[in-house]
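The values are calculated or read from the model by the stated rules, or taken from the named source; none is laboratory data. Keep in mind the model is a prediction, meaning the values are calculated, not measured. FYI the Cβ positions are ideal-geometry reconstructions off the backbone, even for glycines, and counts take in every protein chain you see. Each accessible area value is taken on the protein alone, full model and side chains, heavy atoms only, with ligands, DNA and RNA left out. Shrake-Rupley method; radii C 1.70, N 1.55, O 1.52, S 1.80 Å.
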Amino acid sequence: MTTMVRADDTEEATFPPHFMWGTATAAYQIEGAWNEDGKGMSIWDCQSHTLGEVINGDTGDNACDHYHRIEEDVQLMVNMGLKYYRLSLSWPRILPNGFATHVNKKGIAFYNKLIDTLVACGIQPVVTLYHWDLPLALQVQHDGWLNPKIIVPAFEDYARICFERFGDRVNYWITINEPWCIAWLGYGTGEHAPGRRHSPGHEPYLAAHSLLLAHANAVALYRAEFNPKGTGKIGITLNADWCEPLPTEDLEARQANARAAERAMLFNLGWFADPIYRGKYPAEMRATCGDRLPRFTDEERALVMNSNDFFGLNHYSTNYGAPTPPSTAKTSSYATDVEVAMSSDPSWAKTDMGWNVVPFGFRKLVEWIHARYDPTGGIIVTENGCAVHEPTKEMALKDEFRIKYYHDYLTELQRAVDSGVDVRGYFAWSMMDNFEWAFGYSKRFGLHHVDYETLKRSPKASARWFTLVVKANHILPII
């Protein structure tokens with residue numbers, strides 16, 4: 001049984017001074033109020049209202065009703081002693097049709113109230129501009145992220161309004177959350193909004209290219225007009241599982257598996273990080289995809305390169321990797337372009353999402369990032385956590401599996417820091433149970449339990465454990 005210890009009961013190695021401890025959420029997953037106070041529709045409003053796209057027909061219409069519960073939710077953060085909170089802004093709540101021609105004053109007022117409440121409580125907001133809820137009009141009328149001539153300037157205009165209205169109180173900005181998920185799940189498999197799946201060998205690469213250009217233009221705007229002294233920080237958050245070479249006694253196969261694992265990392269994380277830190281897509285991607293992979297102009301390359309003040313990282317899991325033969329399918333797909341077969345070790349535990357629990361993969365991932373990119377501003381882990389099967393509130397409040405997950409993953413992160421990896425922050429996903437995209441409300445990631453009938457929030461054991469970790473600035477043992 002898990003036993004709590006006080007923050008002053010251990011003498012373990014601490015994280016660096018001023019380490020950023022926080023929790024994270026996203027607008028569509030918690031806000032609700034989907035059609036209130038002038039908000040426009042998003043692609044996720046459309047996706048969740050489409051029959052068969054979300055488990056149980058769940059929608060984000062009400063979600064956690066955070067829109068009406070700012071004070072209550074910020075108090076939960078105060079109770080945890082948090083100094084940072086990562087939130088996202090809803091683009092269609094601010095610009096209902098996606099363009100700056102109409103600014104929704106009530107949307108601006110909501111985020112002003114949220115940010116003011118956080119600041120008044122000594123909590124720094126870390127603000128994500130885009131966490132997947134694209135204004136529906138931009139998708140339906142202009143093909144969304146497939147149309148860079150429209151979406152890139154529209155995103156820059158949106159970013160400008162956010163910098164103007166909120167920048168006096170926000171020192172940390174994230175342009176886009178997990179572009180890999182947007183490009184592949186939204187424009188490849190279709191399991192995420194906007195649900196496109198008919199051209200998986202072309203559209204994901206086009207969408208990814210637009211996302212990188214939108215990110216870079218927003219960063220250039222921020223640096224030039226809103227942060228000339230460099231006191232604020234801005235970057236993109238990338239998601240990545242670690243790919244570990246499939247173990248084998250055969251030397252030749254072991255070498256092939258190592259190459260495959262590296263290839264998987266480049267097709268996943270390198271797809272977005274290489275242009276930012278190296279100025280171009282990975283050579284392995286260009287060799288496989290050819291002209292299906294867009295090219296940057298010299299001007300675009302200069303804009304994209306070095307467009308991060310920190311390396312935002314979301315990480316959850318690890319897989320084994322081994323090579324697969326090149327695809328002979330007539331239809332191309334990003335999935336087959338990768339040419340890596342993923343597998344698991346039967347000894348690995350799994351979360352309620354079916355994701356492998358492999359703490360050492362977390363350490364190896366940040367070490368890989370440090371070695372390949374040596375990012376200025378260090379690595380900020382903007383999401384890490386796990387879904388646990390919690391069919392009752394009683395089970396949820398005693399979430400020993402989640403505490404062990406956090407303990408073991410943070411232990412490996414600490415090992416990476418001790419070895420010289422520059423990690424400057426860690427945000428637990430998530431502050432509370434919420435709408436988990438295509439899985440609706442069937443998966444619970446929260447440090448706080450949410451009763452979706454009454455919307456009552458209750459701290460789980462993991463919230464109390466994490467509170468002590470934040471206070472101590474080091475990992476507490478599980479007794």
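What the table shows:
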{"read-out": "Net charge dipole size for segment 237-318 [Lys, Arg +1 and Asp, Glu -1 on Cβ; Debye, nearest 20]", "value": "200 debye"}
{"read-out": "Positive minus negative residues near K280 (Lys, Arg vs Asp, Glu; Cβ under 15 Å)", "value": "-1"}
{"read-out": "Pairs from K39/K393; K398/K456; K364/K471 whose Cα-Cα separation, in the structure shown, is over 25 Å", "value": "K39/K393; K364/K471"}
{"read-out": "Share of carbon and sulfur in the accessible heavy-atom surface of the chain [1.4 Å probe, %]", "value": "52 percent"}
{"read-out": "Gained length - K149 relative to S442, 0.36 nm times residue gap less alpha-carbon distance", "value": "101.7 nm"}
{"read-out": "Neighbourhood charge, 14 Å Cβ-Cβ cut-off, centred on E453 and excluding it, Lys, Arg +1 and Asp, Glu -1", "value": "-1"}
{"read-out": "Per residue value of the accessible surface for segment 50-99 (all protein chains in place, 1.4 Å probe), Å²", "value": "37 Å²"}
{"read-out": "By accessible area with a 1.4 Å probe, ligands and nucleic acids excluded, highest first: order of T454, T351", "value": "T454, T351"}
{"read-out": "Long-range HN-HN contacts of T324 with modeled amide H, under 5 Å", "value": "V340, A341"}
{"read-out": "Length-normalised contact order of the chain in % [C-alpha pairs under 8 Å, at least 6 apart]", "value": "19 percent"}
{"read-out": "Label-point separation in nm, Q141 to N171, each point 7 Å along Cα→Cβ", "value": "4.0 nm"}
{"read-out": "The chain: calculated mean residue ellipticity at 222 nm from DSSP helix runs of at least 4, using -39500 (n - 2.57)", "value": "-11000 deg cm²/dmol"}
{"read-out": "Solvent-accessible surface (1.4 angstrom probe) belonging to R424, in square angstrom, nearest 10", "value": "110 Å²"}
{"read-out": "Computed E for E249/T50 - FRET, C-beta separation, R0 45 angstrom, nearest 0.05", "value": "0.35"}
{"read-out": "Reduced Cα scattering model of segment 133-271, Debye log10 I(q)/I(0), q = 0.13, 0.21, 0.22 Å⁻¹", "value": "-0.67, -1.21, -1.27"}
{"read-out": "Local electrostatic count at Y111 - Lys and Arg +1, Asp and Glu -1, tallied over other residues with Cβ under 9 Å", "value": "+3"}
{"read-out": "Simple Cβ-charge dipole of segment 377-455, Lys/Arg +1 and Asp/Glu -1, about Cα centre, in debye nearest 20", "value": "80 debye"}
{"read-out": "Estimated FRET transfer efficiency (N473, K398; beta-carbon r; R0 25 Å; 0.05)", "value": "0.45"}
{"read-out": "Square roots of 5 times each gyration tensor eigenvalue, C-alpha, segment 107-149, largest first, Å", "value": "31, 11, 6"}
{"read-out": "Axial C-alpha extent at least 24 Å, average Kyte-Doolittle at least 0.0 - helices from the chain (DSSP)", "value": "148-166, 203-221"}
{"read-out": "Student exercise, the chain dipole from Lys, Arg, Asp, Glu Cβ charges, in Debye to nearest 20", "value": "660 debye"}
